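Data first, discussion second: the structure below is written as structure tokens.
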Amino acid sequence: MLQSTMRILLDELLSADALELVDQLALPRSWLTRSDPNAVSRGELALAMAQALFARLAQTVPEAMRYIERVREQGRSITFDHGAVRTVLAPCCGALPCGEAAVTRILLPLGYTLAGTYPLPRLGMTGRAYIHIDDPQGIPQFFVSELHPEGFSAAFQQTVSTVLRGSRDPLAPADHDTLQALRREGHLSFKTARQLLPALLRCFERQHPLPSLAQYQLLLRESAEMAWISTEGQTFNHATDRVEDVLELAAQLRAEGFAIKDQVEVSSSGTVRQTALRAASVQRALLGEDGPRLHVLPGSFFEFISRGARPGGALPADMDMRFDSGNATGIFKMTATSP
């Protein structure tokens, strides 16, 4: 059987357990065969990156692993709809570009384009959806949010600057050159794509040092989202399975004892429904007055989404791939817990 380009790229990069998780992802038929045996298209590289990020998140979220095992036992696949990343539009972020630029400098060369902007005023943030030009429904979207520190207190703003000023850039100069070549040509050689992919994955990690306990607590008092970013950075905040009926699935999972959100979020258009499993707990060593101590903090989580047809349209061609500000605000609460 001819392997997909994505699987060839990931075989030497991921563990056997991670590859099993990738195998649970549904892949559009058009991506099952290699488009060019000597090159990797931007869409193939985008898919490989998204699949690796999915596996990484799943391995850190126990409820996600439990759900994936349920899917496997039922003989089904997961349709990876989108992943979410949080950023901060601060005045300075060390060597890292501030705000969504830390992520879009990767997404745009990979073939993504801005599809929608979603104000999140209750969170002091703005969300933006990036959809892939080559396969809007088949390649996972990215929901990239920016937190705006200027909407918070002076002490909060100063703490944000202190926490982020030590950020490093995970991309080397050669990686930037490769991304520009990808943006121009739309493809890379296999060798070059293999070299770039690990660098892309490093961009979805925390790039700054951990905050102190006092810094974390100050941020948490004003913004659970900024507190989360201070310990988790640009790690995938959540990954999402696109399902046929999220209401039915939520009821089933609740009956089976899954820790699922009490309420399903419904978009103002009525076409997009979302819910999520409880965020994982992570341990982070924060420096306090008595030295560094491990604290149990909120990590990432797993989400579900149902997408109906746009008004006047029909599935699958007219699937509503948009997001909703109200839905996003509700879903973001999954990480709003304190240590």
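A few points about this structure:
Each row is one residue, and each column tells you yes or no for (1) among the aromatic types (Phe, Trp, Tyr); (2) out of contact with any helix residue (DSSP H, G or I) (no Cβ under 6 Å at 6 or more places or on another chain); (3) assigned to a helix (DSSP H, G or I).
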site	(1), (2), (3)
Asp17	no, yes, yes
Thr33	no, yes, no
Asp36	no, yes, no
Leu45	no, no, yes
Ala50	no, yes, yes
Phe54	yes, yes, yes
Ala64	no, no, yes
His82	no, yes, no
Pro97	no, yes, no
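- Within the stretch 185-236, being closer than 23 Å to Met49 by Cα and of a type in the set (Asp, Glu) holds for Glu185, Glu205, Glu232.
- If only residues of the stretch 290-325 that are basic (Lys, Arg) and not in a loop (DSSP other than H, G, I, E, B) are counted, the one that is farthest from the chain's Cα centre (by Cα) is Arg293.
- Subset of the stretch 145-158 [surrounded by fewer than 16 Cβ atoms within 10 Å (Cβ to Cβ) and charged (D, E, K, R)]: Glu150
- In the stretch 19-31, residue surrounded by the fewest Cβ atoms within 10 Å (Cβ to Cβ) [restricted to those that are part of a helix (DSSP H, G or I) and within 17 Å of the chain's Cα centre (by Cα)]: Val22
- Within the stretch 159-177, considering residues that are under 14 Å from Leu147 (Cβ atoms) and among the polar types (S, T, N, Q), the one surrounded by the fewest Cβ atoms within 10 Å (Cβ to Cβ): Ser161
- Test: residue in the stretch 65-75 that is under 19 Å from Arg168 (Cβ atoms) and small (Gly, Ala, Ser): no
- Restricting the stretch 1-15 to residues that are touching a helix residue (DSSP H, G or I) at 6+ places or on another chain (Cβ under 9 Å) and over 20 Å from Leu179 (Cβ atoms), the residue that is surrounded by the fewest Cβ atoms within 10 Å (Cβ to Cβ) is Glu12.
Okay, residues lined up against (1) surrounded by fewer than 16 Cβ atoms within 10 Å (Cβ to Cβ); (2) without any contact (Cβ under 8 Å) to a residue 60 or more places away in the chain; (3) not aromatic (Phe, Trp, Tyr):
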| site | (1), (2), (3) |
| --- | --- |
| Arg66 | no, no, yes |
| Glu69 | yes, yes, yes |
| Arg72 | yes, yes, yes |
| Gly75 | yes, yes, yes |
| Thr79 | no, no, yes |
| Arg86 | no, no, yes |
| Cys92 | yes, no, yes |
| Gly99 | no, yes, yes |
| Ala102 | no, no, yes |
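- Going through (1) at pLDDT below 95; (2) within 30 Å of Val160 (Cα to Cα); (3) not acidic (Asp, Glu) one by one, Gln234 falls short only on (1).
- The lone exception for Arg29 - which of (1) among the basic types (Lys, Arg); (2) modelled with pLDDT of 95 or more; (3) more than 30 Å from Leu164 (Cα to Cα) it fails: (2)
- In the stretch 270-289, of all residues being in a strand (DSSP E or B) and hydroxyl-bearing (Ser, Thr, Tyr), the one that is surrounded by the most Cβ atoms within 10 Å (Cβ to Cβ) corresponds to Thr275.
- Residue among Arg202, Arg221, Arg184, Arg206 that is among the basic types (Lys, Arg), in contact with a Leu (Cβ under 9 Å, 6 or more places away or on another chain) and at pLDDT 95 or above: Arg202
- So Arg322, is it more than 25 Å from Ser230 (Cα to Cα), in contact with a Gly (Cβ under 6 Å, 6 or more places away or on another chain), touching a residue at least 24 places away in the same chain (Cβ under 8 Å) and surrounded by 14 or more Cβ atoms within 10 Å (Cβ to Cβ): yes
The values are calculated or read from the model by the stated rules, or taken from the named source; none is laboratory data. These numbers were taken from a predicted model, which means no experiment stands behind them. Note: ideal-geometry Cβ built from the backbone for every residue, glycine included; neighbour counts use all protein chains shown.
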